[in-house]
Structure formats: C-alpha cells, structure tokens
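Before any comments, here is the structure.
Where a number appears in this text, it was derived from the coordinates with a stated rule and is not lab data. As the structure is a computational prediction, the values presented were derived from the model and not from experiment. Every residue, glycine as well, gets a Cβ built from its backbone with ideal geometry; the counts of neighbours run over all protein chains shown.
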Amino acid sequence: MPKLQRRDYYDTARDMNWAFSYVSEDEVFPEELSKSFGIHGEQWWGWDEPYKLTYREYVHNQAGKDDGIYSIRSTIARSNLYDNLDAGWKSAIKAHYGAIPVPEYFASIGEARMARFGRAAAWRNMATFGTLDECRHGQAQIYFPYCLLGKDPQFDWAHKAMHTNEWGVIAARSLFDDMFTANDAMSTAIQLTFTFETGFTNLQFLGMASDALHVGDIEFGALISSIQTDEARHSQQGEPTLKIMINNGRKAEAQKMVDQMFWRSWKLFALLTGISMDYYTPLESRTMSFKEFMQDWICRQFMDQFKDLGMNVPWYWEEHFLPELDWVHHAYHMGVWFWRPTVWWNPDAGVSAAERDWLEQKYPGWNDRFGKKWDVIGDNVRTGQIEKTYPATLPIVCNCCHIPICSPSIGKAPRITTHNGRKLNFCCEVCEWVWKSQPERYDTHLSIVDRFLAGHIQPPTLEGALQYMGITPDVAGNDAQDYAWHGASRLAAE
Amino acid sequence: MALFPLQANFRGDFVVLLIPVDDSDDMSIVADKVAQHAVGLRVAEKSAPKCVYHNGRELPSSMTVAQSGIQPMDWIEVAYV
C-alpha cells in the first residue's frame, strides 16, 4: 500500500466531524461534562488551531525531548552542581515541585475531558496530545526531585504535597480543581488553556528556565524549557474556542470565565512566582522584578489578547489588580517566612541590605510598608529571640483564594459576608465576586480556618495544625540562609 | 466564661489573625491578646495604651466581649492610642 503524503490524509484524520443520527447530541455531549452555552453541532466545525501535528510526529518530538532532559539529568547527577546552588534558589524549586507536578496529572484529567467532550474533532485531537503532555510533565517533574531525595527530604513533597491538607496546597488544589480537574470541557478550554496557560504558565516557564540558567541550575532549566514547548502548543485550544463563543454571541459568558480565572490564577501566581522572583532568586541573578515581569509579559500578553479578540479588560483591572502588583506578594512573602514551619521548603528572607535596596528601588515605599516589620524581626534574630520569629496562631484565610488575608493598609477590614447562615471571609472585593458568582460550586468547601473552628484539627493547637497539614519535623521549613541575612540587614531608620 | 474566636489585626501589621478570647475578657485584655501575636514580633513596641475598634467605634477598655455586641469571628482592630 503506497504511503500517503501528510497533506493527503492529515485533515481527514485531524478534523473528521459528523452529524449524529443514532444518538442525540445531548447524549454524546452531556452539558455537565461538555457545556454548550447554546452553541451546537456544525457551529463548532470551523474550530481550528495553528499547531498541526500528527501522532507520529508527536511521539518522535516528545521522545527526543525526553532523551534530552533525562540525559542532562543523568550527567548532572554525577556532579555537585545541585549542592552549589544558592539556598534561596533551592527554596524556589522546592516550592515549585510541591505545587506543580501532581497538578500536571490533574491537568491531564482536564485535557482528557476535552479530548472526549470537546465539541469539535480538531479540538479533541489537540486535547489528546495535551493529555499526553500533562502526563509527561507530571512524570518528569516528579522524577527529577525524586533523584534529589537523597540530598534533601523536602523534595518528597513533589509527590506528597497534593495528597495533604497543607494550607498552600489547599489554596492550589482549590484553584486547580475549579479550573480543570472538576470543570467542563468548554470552561476548561477558556479557563485553563486560554487564561492560565496562555496568560501565565507559558510565559512563566520561559522566565523560570531563563532564571534557572542564570543561577546555574541547568537541570531545572532544561526540564522547564522542555515543558514550555508543550505548553505553547496545547494552550492554543483556548483561542479558537473563545472565537466560536464570541462569533455565536457568547462574549459575555466568555468574558466572565476569563475574569474569574485570571483573578484566581493571579493570587496563586503572586504567592508562588512573586515570592520566588523577588526574594528567593539570588540578587545577582535577577533580571527583572516580579512587578516588571507582570507588566512586561503577563499584562501585555493579556492586553494583546483582549484587543485582538474584542474582549474587555477585566472590570477589576485598574482598581484592584494593578495596585496589588505593588504589595500583595510582599505580604505573602512575610507570611510564608513567619509561618515557615507550615511549608515544605525553607523560605529565604531575602532582606539583606543589598536586597532591601533593590526592593526599595523596584517598589518605592517598600521600606515603609514592609521594611519596618522586617526590622522588628531582624532585631529579634540579632538578640537571639528566635521564638519571637515564630507564629502562635493561624492567620485568617480567604474563602475564595484560600490565602491568608493580608493588607498593607491601616484599618482595612476583611470583607465578611454571610451565605445561608455561614460566615465567610474574603481578602478583597474580587474574591468575593468570584465566590458569589457560583456559590453552589464553592459553598461546601471549608477553608483551613473553617476546619479548625469545626474541630477537624485536633488538638486545636499550632502543633495539631502542623500534624493535620502533614508537615513532619524533617521537612518543616526554616530560614533558608540560617539567618545569615540579619547581619547584613539594617534598620529602615538608618 | 466561654471561648470566643475573633479575627483581628494590630494596626501596622500585615495580616488578619485568628485570636481566641473569652467572652468575659474586657477590652484591655482583648487588646493584649491581639498584641501578643504582633507587637514585638512584626510591629514595633511602644509605651502607649492600646485600644480596640469594632465596626468603626472605639470600645471602652472596661467593656467585656459579652457586653460589646461583638459576634464570634467578627473583625476587630487593635491600635496604639
């Protein structure tokens, strides 16, 4: 049998749609799993994306990429490259490994749902590759830290974290469940691939790979680069889905989904990436601040998308989002450092004199907002009162983003509201809006403070909370630099 | 006497905290219970009296939690006067 040219068979294999006659469309695509927004049948047949790939090509490419990263891994394993990395950078990759690899598997569930319940054949074809991508990302990002277990037990959390009720994990899992593990195919395309991957992770992985190479972490850089090339491809499922929604009069629904998930993604992004870029990455290796990265890459990317597709900037952009770029991740960082026994990595305070100068330059007013508090902490370190640098109670967390409620302002109250007799706390107007937009979706989920007050955490002490979170003494976080920074720190008053 | 959870922050701090008090505590005790989780830890200590604010009003230091109308998990702020 003669071998067909790619062009002779490709579109037939990739994009074979047909009208159903033996079953109804609703039976093939149940609303709960697929969601239509009232767009049916042939209205989907024009769905198209720019990456044209056959299964043979996919396997060939992926095998080559795996060969590349695993050979780098085996070469570096015989060196002392990891041992010589900066302690702060090690914190950044441990935080990443706990928060990301298992959710990659979760994402494969979301991709598989689109591969079955996406309403266009070309979309289902693309999502099949996406499913395989996310499995590969989960496997590689668990294998690499597994190889570092002999050096540091905190790497165990690359696999363990998502199976615990650690507070940051609750925040991450809540977001990822909402976005893809428990989402319908249509919303997953808009919220995971268009909003989160196109907007955040694709660009973040580019930046992380670059930073890794700057600090000499060739292994992590190679791993992240390899993943990013997959992200760039499968994230393309969002835009054609969005275009079909817009062309069929569903722009408002699409806009709402983007607005909801951009905000939820932003909060976790600020927690993980914000801290890593501005505090954990060694000062000499920083190429830009987190705020500059957000402005130059993320905001610009979204602005271009909104403009190109006729979408609007989210309603909260000017009033809530842009102002948070100046402060929210600094507050999160202080919280993570102070509550460091509750995380699986060693937070780097990142407030030596030179680092403080950099922070003040990048974020004018940082010393006044945060430096003064670090002065008090530094004084306690200098005078040997380490016990005063540890928490003795829990922070209140937001019932939407599940991150502690922080504020740089004086006397700014959290937003407290009641729903069906249940008291809820929100860190801001936008989180309250997201929650109230789908109360039936969020109402049964308890924050870690709700669980504490409901008696789920026993004994009801900080020690009981650590046990509930799965934190063991060998992984409980401590200062990454063993407090060396305090000698190089200085009072803001000086 | 009954355990009474509040959410509170000390003015100048950066985070809202879960603070257990007793409904028979007066506001001077409540202020101290909040301060012990922030003052000298992240907020510089001052030799000044402290005050409790709830729903925009300053509560007398002799008023107890039970008398104040504060509900469980309400938010209060404590500040140096």
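Looking only at residues of the stretch A:366-375 that are free of Cβ contacts under 8 Å to residues at least 60 places away in the same chain and crowded, with 20+ Cβ neighbours inside 10 Å, we find that the one that is farthest from the other protein chains (Cβ to nearest Cβ) is A:366.
Among the helices (runs of 4 or more DSSP H) confined to the stretch A:248-343, the ones with at least 2 residues that are closer than 30 Å to residue A:462 by Cβ are located at A:251-269, A:328-338.
Applying the criterion of being in contact (Cβ under 8 Å) with a residue 40 or more places away in the chain and of a type in the set (D, E, K, R) to the residues of the stretch A:290-318, the residue that is surrounded by the most Cβ atoms within 10 Å (Cβ to Cβ) is A:291. Put simply, of A:390, A:332, A:363 the only residue that is in contact with a strand residue (DSSP E or B) (Cβ under 7 Å, 6 or more places away or on another chain), among the aromatic types (Phe, Trp, Tyr) and either more than 25 Å from residue A:433 (Cα to Cα) or crowded, with 18+ Cβ neighbours inside 10 Å (or both) is A:332.
Every test in (1) within 14 Å of another protein chain (Cβ to nearest Cβ); (2) of a type outside the set (Lys, Arg); (3) under 25 Å from residue B:78 (Cα atoms) is passed by residue A:454 save one, and that test is (3). Of all residues in the stretch A:207-227, those being surrounded by fewer than 21 Cβ atoms within 10 Å (Cβ to Cβ) and without any contact (Cβ under 8 Å) to a residue 40 or more places away in the chain number 4.
Scanning the stretch B:24-51 for residues that are charged (D, E, K, R) and under 11 Å from the mean Cα position of the chain (by Cα) gives B:25, B:26, B:32, B:33, B:50. Selection of helices (runs of 4 or more DSSP H) fully inside the stretch A:39-150 by the criterion of at least 3 residues being surrounded by 22 or more Cβ atoms within 10 Å (Cβ to Cβ) and touching a helix residue (DSSP H, G or I) at 6+ places or on another chain (Cβ under 6 Å) returns A:87-99, A:101-117, A:121-146.
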